[in-house]
1. Please enumerate the residues belonging to region 19-55 that are within 26 Å of Leu203 (Cβ to Cβ) and more than 16 Å from the chain's Cα centre (by Cα).
2. Of everything in region 1-48, what is hydroxyl-bearing (Ser, Thr, Tyr) and either within 16 Å of Pro146 (Cα to Cα) or touching a Lys or Arg at 6+ places or on another chain (Cβ under 8 Å) (or both)? Give them in sequence order.
3. Suppose the filter is modelled with pLDDT of 95 or more, out of contact with any helix residue (DSSP H, G or I) (no Cβ under 6 Å at 6 or more places or on another chain) and closer than 21 Å to Gln167 by Cα; does Arg105 pass it?
4. Cβ-Cβ below 7 Å, separation at least six or inter-chain, first residue in region 75-95 and assigned to a strand (DSSP E or B), second of a type in the set (Asp, Glu) and surrounded by 13 or more Cβ atoms within 10 Å (Cβ to Cβ): which pairs?
5. Scan region 184-208 for residues that are of a type outside the set (A, V, I, L, M), closer than 15 Å to Asp24 by Cα and in contact with a strand residue (DSSP E or B) (Cβ under 6 Å, 6 or more places away or on another chain) and jot them down.
6. May I ask you to list pairs of residues, at least six apart or on different chains, whose Cβ atoms are under 6 Å apart, with the first in region 39-54 being free of Cβ contacts under 8 Å to residues at least 60 places away in the same chain and the second being part of a loop (DSSP other than H, G, I, E, B)?
7. Tell me the strands (runs of 3 or more DSSP E) entirely within region 103-213 that contain at least 3 residues that are within 17 Å of Ile64 (Cα to Cα).
8. So, Leu73, is that one surrounded by 15 or more Cβ atoms within 10 Å (Cβ to Cβ) and modelled with pLDDT under 95 or not?
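The values are calculated or read from the model by the stated rules, or taken from the named source; none is laboratory data. Just so it is clear, the model here is predicted, and its values are computed rather than measured. Using ideal geometry, Cβ is built from the backbone for each residue, glycine included, and neighbour counts are taken over all protein chains shown.
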Amino acid sequence: MELRRIHLMRDQSPVFVDLSLSLDGQRIGLIGANGSGKSSLLRLMKGLLTPDSGEVRGSGSVGIVFQNPEHQLLFPTVMEELCFGLRERGYNELDARTRALSVLRDFDALEMESKTVHELSDGQKQLICIFEVLVDGADTVLFDEPCASLDYANRKKVMRIIESLPQQVIMATHDLELLLTFPRVVWLDQGRVRADGPALDVLTAYRESVDQA
């Protein structure tokens, strides 16, 4: 994933001005204060936002998981939700269901097969959002504050799955502890890259900046 000379305005205010960033690597964290551009960057990569100028380049398919599962889940049953993207791309019901069951099996979650979405806990709903992008075959999975609304136990469960994924993961979060195992962290500040490097170095610099503010 590569962004080249991105300019983006929203509500007459600049979000990014001449932003260039190469996002290669298996695990990349995004940090920064509210309004620094983290969510906008993820939406650019997914194609949910279009830059005013510049280009976003990437190979492979991209999936995104939002902070609030209610903004992502559309259907009454788990299997309808998991199969929707494949059915939209022309898969028949049997093939879509087989692929969805394979993902549930991979993560020891087959008990969710027969459930309705309203039966699920907040943590389970977030897992379904993750499983959905995996069923759809994403090569890169973007996470926008995936644990912000979860209790400790569900946060641990979601992070175990995220850390186990073979896909590239790019995750924006205010919870710095979640990024300690990530090889690379990018610190956005007012739409620009303030620091980019090993997690411990960038997280330490960020904490020091916040403490001194």
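1. Passing the criteria: Leu19, Ser20, Leu21, Ser22, Ala33, Asn34, Gly35, Ser36.
2. Correct list: Ser20, Ser39, Ser40.
3. Yes.
4. From residues that are assigned to a strand (DSSP E or B), there are no pairs.
5. Arg184, Asp196
6. Close Cβ pairs (under 6 Å, with a partner that is part of a loop (DSSP other than H, G, I, E, B)) amount to Arg43/Leu49.
7. Once the strands (runs of 3 or more DSSP E) in region 103-213 are filtered for at least 3 residues that are within 17 Å of Ile64 (Cα to Cα), what remains is 140-144, 168-172.
8. Working: surrounded by 15 or more Cβ atoms within 10 Å (Cβ to Cβ): yes; modelled with pLDDT under 95: yes.
In short, yes.
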